[in-house]
Amino acid sequence: MNIEETININITSSAINVIEKYKQITKKAKESGGILLGQIKGKEVYILEVSTPNKFDKASIYSFNCNKDAAQVIINYEFINSGKKTIYLGEWHTHPENYPKPSDIDKKMIIKQYFKNKLNEPFLILIIQGLKGLYIAIFDGKNITETKLTIIDE
Ligand SMILES: [Zn+2]
């Protein structure tokens with residue numbers, strides 16, 4: 001069975017609101033991004049928090065590179081503060097297109113993150129916020145598969 005058939009990805013309305021705030025609605029707006037943090041309960045994955053761009057990230061109109069040291073500080077903080085329940089689940093960034101698709105660089109990035117990190121779970125999530133639509137995919141070590149996202153209230 002494929003991974004996207006065995007788990008459901010949920011995100012809190014407050015977390016998705018943060019991502020939507022960074023839509024590149026002006027022509028000169030740079031890409032934004034950050035990491036996804038949350039918890040896993042059985043087959044339900046809950047994205048509870050997202051980090052926002054900081055001064056250590058590298059951003060342009062067509063690219064975003066999340067600073068990994070700054071991200072690790074956030075990961076460690078959330079892990080300790082949640083009684084070791086909240087973990088790193090993946091990455092998000094924006095695209096200046098209506099209905100976003102991952103670029104080759106995006107695919108390489110999520111594969112690299114998967115194999116570089118000692119993950120608690122056998123997958124990573126990639127979210128790309130476009131001007132109108134949202135792209136969400138799951139990488140299980142082999143394939144990047146588009147999937148769906150359920151928005152939940154806390
Ligand atoms: Zn991208």
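The values are calculated or read from the model by the stated rules, or taken from the named source; none is laboratory data. Treat the numbers as computed from the prediction; the structure is a model and nothing was measured. Here the Cβ positions follow ideal geometry from the backbone for every residue, glycine too, while neighbour counts run over all protein chains shown. Remember, those area values only see protein heavy atoms, side chains included, never the ligands or the DNA or RNA. Shrake-Rupley method; radii C 1.70, N 1.55, O 1.52, S 1.80 Å.
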**Request:** Whole number in Å², please: accessible area per residue of the stretch 1-124, 1.4 Å probe, ligands, DNA and RNA not counted.
**Result:** 59 Å²
**Prompt:** Within the stretch 81-136, what percent of beta bridges assigned by DSSP are antiparallel, to the nearest 5?
**Reply:** 40 percent
**Complete:** Largest fluctuation, 86, 26, 52 only, Gaussian network model of the chain with Cα springs under 10 angstrom, belongs to 26
**Request:** Under 13 Å Cα to Cα from residue 101, which aspartates and glutamates show up? Leave out anything in the same chain fewer than 8 places away.
**Result:** 146
**Complete:** Once Lys and Arg are counted +1 and Asp and Glu -1 for all other residues with Cβ under 13 Å from that of residue 61, the total becomes +2
**Unit Cα scatterers, Debye sum, the stretch 1-59: log10 I(q)/I(0) for q = 0.19 Å⁻¹** = -0.78
**Complete:** Checked against a 26 Å limit on the C-alpha separation, the offending pairs among 30/107; 21/43; 30/132; 58/84; 28/118 are 21/43; 58/84; 28/118
**Asked** About its Cα centre, what dipole magnitude does the stretch 1-136 give when the only charges are +1 on Lys and Arg Cβ and -1 on Asp and Glu Cβ, stated in debye to the nearest 20?
**Response** 320 debye
**Item:** Summed residue charge, Cβ within 10 Å of residue 12's Cβ, Lys/Arg positive, Asp/Glu negative
**Value:** -3
**Item:** Counting DSSP beta bridges with both ends in the stretch 4-154, the antiparallel % (nearest 5)
**Value:** 65 percent
**Request:** Please report, as a whole percent, how much of the solvent-accessible surface of the stretch 40-154 comes from carbon and sulfur atoms (probe radius 1.4 Å).
**Result:** 53 percent
**Request:** Considering the convex hull of the alpha carbon atoms of the stretch 60-154, report its projected area averaged over all viewing directions, in nm², one decimal.
**Result:** 7.0 nm²
**Prompt:** Relative contact order for the chain: what is it in percent, counting Cα pairs under 8 Å that are at least 6 residues apart?
**Reply:** 27 percent
**Request:** Whole Å is fine, so just give me how far the alpha carbon centre of the stretch 79-102 lies from that of the stretch 12-59.
**Result:** 6 Å
